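Input: a single structure, listed below in structure tokens.
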Amino acid sequence: MKKKTLLIKAAGAALAIMASGAMAQSWPAKPVTLVVPYTAGGSADAIGRRLGDVLRKESNVTVIVENKPGAGASVGTDFVARAQPDGTTLLLASTSPLTIFPHLAKTNYDPMKDLTPVASVAVAPVAIVATKALPVKDFAGLIDYAKSHPDGVRYGTPGQGTVAHIGMSAVTAQTGTKMLHVPYRGNSQALTDGLGGVVELLVVNSDVVLPHVASGALKPLAVMAPERLAAWPDVPTMAELKMPQAQYYSNFGVFAPAKLPPAVAQPLQAALAKAVASAEFQDLLAKSYLQPGTATGEAFAKQVQAEFENNARVIKEGNIKAE
């Protein structure tokens with residue numbers, strides 16, 4: 001009986017290995033739909049379309065990029081969360097729909113249970129930049145000025161509940177300062193008022209302000225990215241300023257539905273790694289002033305979980321509400 005049981009287990013293991021190999025060889029069994037939960041034309045859309053193009057060329061994978069915007073990117077995110085976990089319906093988004101939006105509004109998906117983080121592919125740095133209305137030279141000067149002028153520093157962001165807003169809430173909490181948040185509808189509107197001196201500080205995507213920093217109209221004080229920007233080698237990161245919990249940026253990644261089998265996850269990760277390493281994708285990063293992705297697989301999943309928990313704390317402590 002014992003021998004028979006061992007034979008059955010061995011046969012089962014062999015079948016599992018064979019099935020796993022078959023699934024890996026057959027992925028993707030059909031064209032891949034890459035859902036971008038934002039309108040066309042933004043950073044995520046550009047990243048998604050370039051990634052789709054490279055996957056077609058590098059791995060002979062048919063990729064259809066589909067924009068599904070709405071409700072803080074939750075519409076497209078929910079669509080992917082409900083899909084079959086076969087690796088053919090994927091999400092290309094920043095981590096915000098998983099780590100920020102669910103703390104501000106009810107979602108139909110559980111951000112930590114209904115999706116599988118597959119790989120971070122690009123980072124869009126957020127910068128803290130002084131306008132001409134703020135007489136400081138560096139980040140330390142900003143904090144000193146804010147402490148001596150409570151509510152005297154207005155900081156413009158792309159909107160309520162954005163990465164920039166949450167990041168600055170973390171900054172003010174950690175430094176014990178009081179600054180006034182001025183939410184705009186996008187980076188461009190914030191930039192216009194910043195150049196006009198309407199606000200003392202801008203917290204926006206770095207690519208938006210690069211030419212104005214080069215002209216001297218704006219002064220960068222810090223970057224909320226994992227690395228310093230090549231264009232600003234002397235401007236520190238939040239980690240270097242000993243504020244790692246205020247390290248905020250748009251981390252664009254690929255996500256799949258939950259319960260993604262290893263036999264699907266492995267070839268998917270391999271194809272993504274090959275695409276991201278390609279000269280064509282690296283060219284997009286360079287021209288769009290984006291930084292490399294932060295992690296893949298389990299390491300990326302741990303980053304998302306930590307970000308979710310940190311955002312929950314910052315949003316609660318800052319009493320941040322949705323618009």
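The values are calculated or read from the model by the stated rules, or taken from the named source; none is laboratory data. The structure displayed is predicted, hence computed values, not measured ones. Virtual Cβ from ideal backbone geometry, glycine too; neighbours counted across all protein chains shown. Surface areas here come from the heavy atoms of the whole protein model, side chains and all, with no ligands, DNA or RNA. Shrake-Rupley method; radii C 1.70, N 1.55, O 1.52, S 1.80 Å.
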_Would you confirm whether or not the range 237-247 contains a residue that is in a loop (DSSP other than H, G, I, E, B) and under 30 Å from residue 50 (Cα atoms)?_
yes
*asked:* Let me spell it out: the conditions are (1) modelled with pLDDT of 95 or more; (2) under 28 Å from residue 125 (Cβ atoms), and residue 64 meets all of them except one. Which number is the exception?
replied: (2)
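For the condition of a type in the set (Gly, Ala, Ser), buried (at least 22 other Cβ atoms within 10 Å of the Cβ), in contact with a helix residue (DSSP H, G or I) (Cβ under 6 Å, 6 or more places away or on another chain) and closer than 28 Å to residue 323 by Cα, what is the one hit in 146, 164, 222?
Working: 146 fails: in contact with a helix residue (DSSP H, G or I) (Cβ under 6 Å, 6 or more places away or on another chain); 164 fails: in contact with a helix residue (DSSP H, G or I) (Cβ under 6 Å, 6 or more places away or on another chain).
Result of the check over 146, 164, 222: 222.
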_Boolean, residue 275 is within 30 Å of residue 81 (Cβ to Cβ), more than 20 Å from the chain's Cα centre (by Cα) and in a helix (DSSP H, G or I)_ = no
*Number of positions in the range 225-240 that are surrounded by fewer than 19 Cβ atoms within 10 Å (Cβ to Cβ), hydrophobic (A, V, I, L, M, F, W, C) and farther than 17 Å from residue 123 by Cα*: 0
*asked:* Of the conditions (1) in a loop (DSSP other than H, G, I, E, B); (2) in contact (Cβ under 8 Å) with a residue 24 or more places away in the chain, residue 266 satisfies every one except a single condition; which number is it?
replied: (1)
_Residue under evaluation residue 299, criteria (1) surrounded by fewer than 16 Cβ atoms within 10 Å (Cβ to Cβ); (2) modelled with pLDDT under 95; (3) among the small types (Gly, Ala, Ser), criterion not met_ = (2)
_Among (1) open to solvent by less than 10 Å² (accessible area, probe 1.4 Å); (2) of a type in the set (Gly, Ala, Ser); (3) in contact with an Asp or Glu (Cβ under 8 Å, 6 or more places away or on another chain) - the single one residue 256 does not satisfy_ = (3)
*Within the range 90-106, which residues are over 20 Å from residue 43 (Cα atoms) and buried (at least 20 other Cβ atoms within 10 Å of the Cβ)?*
102
_Residue under evaluation residue 216, criteria (1) part of a loop (DSSP other than H, G, I, E, B); (2) open to solvent by less than 20 Å² (accessible area, probe 1.4 Å), criterion not met_ = (2)
*asked:* Within the range 64-89, take every residue that is of a type in the set (A, V, I, L, M) and open to solvent by less than 10 Å² (accessible area, probe 1.4 Å) and give me the one that is farthest from residue 248 (Cα to Cα).
replied: 80
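Restricting to the range 228-247, count the residues that are among the β-branched types (Val, Ile, Thr) and over 26 Å from residue 315 (Cα atoms). Working first, answer last.
So the first thing to find is which residues in the range 228-247 are among the β-branched types (Val, Ile, Thr), and the list is 235, 237.
Cutting the leftovers down to over 26 Å from residue 315 (Cα atoms) gives us 235.
The qualifying residues number 1.
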